[in-house]
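The values are calculated or read from the model by the stated rules, or taken from the named source; none is laboratory data. Everything quoted here is computed from the prediction, not taken from an experiment. Please note: Cβ atoms are built from the backbone with ideal geometry, for glycine as well, and neighbour counts cover all protein chains shown.
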Amino acid sequence: MKTIVFVLVGMAAALPSIQHPRPRRDSSPMFYSLPSNASLILGGDIHTGFDCADLPYGYYADEANNCAVFHVCLPYIIFDEIVTRHFSFFCGEGTIFDQERLVCAAPEDALPCSLAAVARSTNEYFGRRDINFLE
């Protein structure tokens, strides 16, 4: 009897999440899905325009935002069509995204933002088993 009650309570608790799936919160080149206070933390307006089109899976610094914003591009195939999900994030106050090490770091410890596009090849390490990252 206790087992049946336990199962019924578990099903009732799971029911709201089944009925209301979590909405997708992807970014796009025209709109970044960032918290509402992101511009306050970043110290100014956020410049949109970064596009994941034709980029392989990876983490990408956003030079238009002085590398304080970075994006994750996730291409995948659905119904024989390539679709790319685009997620946007921002680094903590006073830090920037280091495209070489793929972490947020103090500007003096990070690759200069102006060199971020040159270091995008770091993303080529994802999925590889024949080589260690940054060796």
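Entry remark, region 105-135: residues being within 15 Å of Val72 (Cα to Cα) and of a type in the set (D, E, K, R) number 2 in total.
Here Gly44 fulfils each of the conditions (1) closer than 21 Å to Val103 by Cβ; (2) in a loop (DSSP other than H, G, I, E, B); (3) of a type outside the set (A, V, I, L, M) apart from (1).
For region 84-135, the set of residues classified as of a type outside the set (A, V, I, L, M, F, W, C), in a loop (DSSP other than H, G, I, E, B) and closer than 18 Å to Gly43 by Cβ consists of Gly92, Glu93, Gly94, Thr95, listed by residue number.
For region 74-117, the candidate set comprises residues that are in contact with a Phe, Trp or Tyr (Cβ under 7 Å, 6 or more places away or on another chain) and at pLDDT below 95; within that set, the residue that is surrounded by the most Cβ atoms within 10 Å (Cβ to Cβ) is Ser88.
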